[in-house]
Amino acid sequence: MSIETKNGVVGESRWPMAGAVVAAMILTILLPDSVRLGPSWLLPAVEGVLLVAVIVGDPGRINRTTGPLRALSIVLVSVLVLGSLWSTGQLIDDLITGGPETNSASELLAAGTVVWVSNIIAFSLLYWELDGGGAAARAQRPRLRPDLAFPQHLNLELGFHDWRPRFIDYLYLGFTNATAFSPTDVMPLVPWAKIAMAIQSLISLAVLGLVVARAVNVFT
């Protein structure tokens, strides 16, 4: 839960976001070599260094809005999204052309699950980082017109007047968008949000559809 700091700025806890990044790093290591971008250690090492730099620059509560820190955070999220998109593209290519993991239903389902969950985490972090200028900016300068409209924005009676979304809210958005293939209770209000949610829905539909179809074919 957000708390008020000494300077009056409400800061969101850093650890849910950091935990999501660590989870994404572990999932990268679990990916088959054929769908991973680079060696198993490369992306996790880069992401780990960037994560440590971000935490050192703004530990505990997220309430600092500096150019270098914002740039580091954007680079970190960009690396996560790039790795996830690369793995998705390689898995789809293997499903179409016949990759090494597509001959075993269990290996295929495992690879598909890792790629799917990685996409949820990556896009959740993307929404979290871009909405309203990031967590620190949302804490210091709440926008009257958010990029993503949560139910608490649309109906003030559902939440407190000073309610702000936290990482768990964006993780829920990423999960529901990946399972429903469309907005559920969070509405995209600006072009970047609509494009990002459309891309995530398309990726999720392609991965789930192709993986399930191929797995059923292997089983039979």
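Since every read-out is calculated from the coordinates, none of them should be taken as a lab result. Not measured: the values here are computed from a predicted model. Neighbour counts run over all protein chains shown; Cβ positions are idealised from the backbone, glycine included.
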Inset, instruction - Please determine, in degrees from 0 to 90 and to the nearest 10, the orientation of helix 167-180 with respect to the longest principal axis defined by the Cα atoms of the chain, where the helix direction is its Cα long axis. - result: 40
Inset, instruction - Treat the chain as a sphere of radius equal to its Kirkwood radius over Cα pairs and apply Stokes-Einstein at 25 °C in a medium of 0.890 mPa s; give the translational diffusion coefficient in µm²/s, rounded to a whole number. - result: 134
Inset, instruction - Provide, for q = 0.22 Å⁻¹, the log10 of I(q)/I(0) from a solvent-free Debye sum over equal Cα point scatterers in segment 53-161. - result: -1.13
Legend entry - Cα centroid separation - segment 163-208 against segment 41-75, whole Å: 23
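Can you order the peptides 122-135, 182-195 by their average number of other Cβ atoms within 10 Å per residue, highest first? The partial results should precede the final answer.
Details: 122-135: 23.7, 182-195: 14.9.
Per-residue mean Cβ counts within 10 Å order the peptides as 122-135, 182-195.
Once you sort the root eigenvalues of the Cα gyration tensor of segment 62-109 as a ≥ b ≥ c, which label holds: rounded (a/c under 1.5), prolate (a/b larger than b/c) or oblate (the other case)?
Details: a/c = 7.21, a/b = 3.57, b/c = 2.02.
Cα axes put segment 62-109 in the prolate bin.
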Legend entry - Potential extension, Trp15-Leu154 segment - 0.36 nm per residue separation minus Cα distance: 47.3 nm
